[in-house]
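What follows is a single structure, written as structure tokens, with notes after it.
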Amino acid sequence: MPTPSALRAPVDVPLVLERCRETVRPALREALGRTHPWVAEMAAYSFGWCEVGGAPSAAPGGKGVRQALAVLGAEAVGAPGGAGVPAAVAVELTHVFSLLHDDIMDGDPARRGRPTVWKAYGTGPAVLAGDALFALAVETLAATEAGPSALRMLSAALGDLVRGQADDLLFADRPWTGPQRVRSAQYRTMAEHKTGALLGCAAALGALLGGGSPSAVAALDRAGRRLGLAFQIVDDVLGVWGDPQVTGKPVHNDLRERKKTFPVLAALDSPSPEARRLAAVLTSGGDPREAAVLVEAAGGRAAALDEARAHIAAAKTALADVSLQGAAGDELRALSAFLVARDL
């Protein structure tokens, strides 16, 4: 006999993401209204809500994955989705704060097809905006009934994020070959900290504010971390082979910038002649188009997608460790699969 989940209609993930964004947006706007208007404008610009100067805009923003994880995390433990809204606001503000600073550290001039905040407003204003957004995130969680526990959870995730970003910056100066080169296992640790920690925090915070048990909160944190790893690795694939109309960045962008991403590191692990040729091209600063061909020929693209799928399977295993309420469990599982398949 079919299980109850098998009888439900397939989950429309874009619709779920849209629903969660619409649920969170009023509270997110209210939070921005508590800070300096200029800072609020820079944040609104980063969300795609306005142009420089404040004129309304319909520029593409992010998918709202972290917001959705927080809302669904609350629903998954039997609370209404609104219970997870403060978690969604706090995590989204922290995420944007990290992006504003990351773009400065990485020197990235564009994000989602538009100038980054530091390019549009200046480096100092972008740093200030990032600091203000994190202050708003702390204020948002402090006002909840679970304030101390929620703040400890966010603080731990931010500590992981900083460790991941530090490793990522240090990776840039390490060689492509030899004993000091970056290994795939080191990359996994970096990505779990830099990307996975905040996704895990989003789902766990939603469950915490929704009154979930410690075991449910922990399971959702594990699932989110694994999802974050898969999310980052798929981003790496898109950074080499993604459609510029979708990614907002030129094709082969990550190779052009010599970023140590998972597909490249996996390709360099191969004993094939293509891997040796790839190492020479990367070391000499050769053509990124040739490098992309060599990464694929050495198995880097396939290895990255296999790795992402393995982390999604682990995320689903973590979700299976807890009894999820209503449709939220199906939506969380569908969201995981959707993020690996996106735009590939």
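Read-outs: derived from the displayed coordinates by stated rules, not from any lab. Being a predicted model, the structure only gives us computed values, none of them experimental. Ideal geometry is used to build each Cβ from the backbone, glycine not excepted, and the neighbour counts take in all protein chains shown.
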(request) Using 0.36 nm per residue of separation minus the Cα-Cα distance, give me the extension gain between Gln325 and Arg34 in nm, one decimal. (result) 101.3 nm
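For the chain, what is the calculated [θ] at 222 nm in deg cm²/dmol (nearest 500), taking -39500 (n - 2.57) for each run of four or more DSSP H residues and dividing by its residue count?
Numbers: 18 runs with 241 residues, N = 344.
Helix-only estimate at 222 nm: -22500 deg cm²/dmol.
If packing is taken as the mean number of other Cβ atoms within 10 Å per residue, what is the order of 160-171, 69-80, highest first? Let's see the in-between values first.
Working: 160-171: 17.0, 69-80: 27.6.
The most tightly packed comes first, giving 69-80, 160-171.
Taking 0.36 nm per intervening residue step and subtracting the Cα-Cα distance, what contour gain separates Glu296 from Glu257 on full extension? Provide the component values of the computation, followed by the final result.
Details: separation 39, 0.36 × 39 = 14.04 nm, distance 1.78 nm.
Full extension of this stretch gives 12.3 nm more.
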(message) Can you list residues from other chains, or at least 5 along the same chain, whose modelled amide H is less than 5 Å from the amide H of Ala110?
(response) Thr116
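Arranged by the count of other C-beta atoms within 10 angstrom, fewest first, what order do Glu41, Glu30 take?
Details: Glu41 20, Glu30 11.
The fewest-first ordering by Cβ neighbours comes to Glu30, Glu41.
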(request) Give me the lysines in straight-line cross-link reach of Lys63: C-alpha distance below 22 Å, same-chain residues under 8 apart excluded. (result) Lys194, Lys249, Lys316
(message) Take Val162 and Arg276, extend 7 Å from each Cα along the Cα→Cβ direction, and tell me the distance between the two endpoints in nm.
(response) 4.5 nm
(request) Starting with the fewest neighbours, write out Met42, Met190 ranked by other beta-carbon atoms found within 10 Å of each beta-carbon. (result) Met190, Met42
(request) Would you work out which of Val217, Gln180, Thr35 lies farthest towards the positive end of the dipole of segment 4-341, given +1 charges on the beta-carbon of Lys and Arg and -1 on that of Asp and Glu, about the Cα centre? (result) Gln180
(message) Among 276-289, 298-311, 191-204, how do they line up by average Cβ neighbours within 10 Å per residue, starting with the highest?
(response) 191-204, 298-311, 276-289
(request) Identify, among Ala88, Pro14, Gly147, the residue whose Cα sits farthest towards the positive end of the charge dipole of segment 4-341, taking +1 on the Cβ of Lys and Arg and -1 on the Cβ of Asp and Glu, with the dipole about the Cα centre. (result) Pro14
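Starting with the highest mean, order 258-264, 49-55 by the number of other Cβ atoms within 10 Å, averaged over the residues of each peptide.
On the way: 258-264: 22.7, 49-55: 13.9.
Top to bottom by mean Cβ count within 10 Å: 258-264, 49-55.
How much length would be gained if the chain were fully extended between Asp131 and Ala58, taking 0.36 nm per residue of separation minus their Cα-Cα distance, in nm to one decimal? Mind dumping the intermediate values first?
On the way: separation 73, 0.36 × 73 = 26.28 nm, distance 2.53 nm.
Between Asp131 and Ala58, full extension yields an extra 23.7 nm.
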(request) Go through (i) 59, 57, 33; (ii) 67, 53, 38; (iii) 58, 47, 35 and flag the label whose value is the computed Cα extents along the principal axes in Å for this structure. (result) (i)
(request) List every DSSP H helix in the chain whose Cα atoms extend 18 Å or more along the helix's own long axis and whose mean Kyte-Doolittle hydropathy is at least -0.5. (result) 13-32, 85-106, 123-142, 147-171, 214-241, 300-320, 328-341
